[in-house]
1. Only loop residues by DSSP count here, and only those with at most 16 other Cβ atoms within 10 Å; note down the trypsin sites (Lys or Arg not before Pro) in segment 44-122 that meet that.
2. Would you list, by chain and number, the lysines whose Cα falls below 30 Å from the Cα of K198, excluding same-chain residues fewer than 8 positions away?
3. Which residue fluctuates most in the GNM of the chain (Cα springs below 10 Å): P170, P241, P81?
4. How much accessible area per residue does the chain have, in Å², with a 1.4 Å probe?
5. For the chain, set up a Gaussian network in which alpha carbons nearer than 10 Å are linked by springs, and say which option among L61, L91, L154 fluctuates the most.
6. Mind listing which trypsin sites (Lys or Arg not before Pro) in segment 133-197 are in a DSSP loop and have 10 or fewer other Cβ atoms within 10 Å?
7. Just to be sure I understand: of the beta bridges DSSP finds with both ends in the chain, what percent are antiparallel, rounded to 5?
8. If you work out Cα Rg over 2.2 N^0.38 Å from the coordinates, which of [x] 0.94; [y] 0.98; [z] 1.05 do you get?
Amino acid sequence: MKKLCVTGATGVLGSAVVAKLREREDIPYLLTSRNPPQKNAHNLPWQQVDLETSDGLASSLKGIGTVLHLASNQSTIGNEPMEVVAIRNLLAAAQEAGVNHLIYISIVGVDRIPFPYYRAKLAAETLIQESPIPYTILRSTQFHNLIDHFISKLFRFPIGLVPRSLKAQPISVESVASSLLAIADDNPQHKVLNLGGKEVLDLRTMVDIWQRYQSRKKPVLALPTVGKLMHAFAKGYNTCPEIAADSQSWETYLQSRSKQSV
């Protein structure tokens with residue numbers, strides 16, 4: 001009987017979770033909104049479901065004890081965020097199938113940062129907390145690769161355009177994956193947990209370190225901190241005191257990435 005399933009298994013976090021499950025010789029059941037691949041790296045069972053319409057969802061969850069809901073979507077369905085539609089459908093299907101632990105990945109600061117996707121994640125959290133399904137919610141700070149991608153966008157032009165004073169607490173995706181599996185091994189906690197990286201850095205410091213590992217260094221133009229969204233990041237609402245001890249530092253991540261690209 002299948003005991004654990006993962007949604008969003010092909011994403012950055014989902015892939016890390018699946019890899020760790022295979023290291024433990026656990027066999028998770030993977031749900032995907034895409035056509036299931038004919039072959040996959042770990043030779044694991046896949047089932048195609050539609051989180052938007054819930055087609056095939058309840059039957060796919062029969063026999064499942066724990067659901068790791070790692071799928072995410074920033075689109076909207078009509079006037080409603082897809083994130084909310086998906087969790088509503090998943091909760092209904094999980095209740096019908098008798099799932100006894102739903103684990104949801106969220107983001108540190110969703111309750112304080114005025115960003116539409118964060119508000120959708122917070123609304124999804126509320127639906128989970130109001131549901132009869134036993135749950136644990138893990139809010140993580142931003143992954144290293146996300147901040148890496150964000151900074152690369154700031155340097156698309158001959159000069160880097162860097163907002164002043166923004167803060168981040170980058171964390172290794174592998175650390176978040178390990179924490180999720182520890183939660184899955186435990187009983188539902190019926191609460192929201194936070195997890196962050198080892199260090200809180202301002203964006204300019206992260207940019208300076210990032211540029212050390214680039215083939216060409218560009219000049220930087222500091223932009224003012226404008227608007228409620230940027231001020232929320234400047235105040236550090238996206239950071240937390242709970243630290244993943246096994247997470248890489250920002251520079252260690254960049255060193256590792258640089259070696260892999262050689």
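1. On the way: sites: K62, R88, R112, R119, K121; in loops: K62, R112.
In loop regions of segment 44-122 (DSSP not H, G, I, E or B), the sparsely surrounded trypsin sites (Lys or Arg not before Pro) are K62, R112.
2. Correct list for K198: K20, K121, K153, K167, K217, K218, K228, K235, K259.
3. For the chain, modelled as a Gaussian network with Cα springs under 10 Å, the answer is P241.
4. 50 Å²
5. Among L61, L91, L154, the largest mean-square fluctuation in the Gaussian network model of the chain belongs to L154.
6. Details: sites: R139, K153, R156, R164, K167, K191; in loops: R156, R164, K191.
Sparse-neighbourhood loop trypsin sites (Lys or Arg not before Pro): R156, K191.
7. Details: 4 of 34 bridges.
The antiparallel proportion sits near 10 percent.
8. The calculated read-out lines up with [z].
The values are calculated or read from the model by the stated rules, or taken from the named source; none is laboratory data. Just so we're clear, the structure is a prediction, and the values are computed from it rather than from any experiment. FYI the Cβ positions are ideal-geometry reconstructions off the backbone, even for glycines, and counts take in every protein chain you see. Keep in mind that these areas ignore ligands, DNA and RNA; they rest on the heavy atoms of the full protein, side chains included. Shrake-Rupley method; radii C 1.70, N 1.55, O 1.52, S 1.80 Å.
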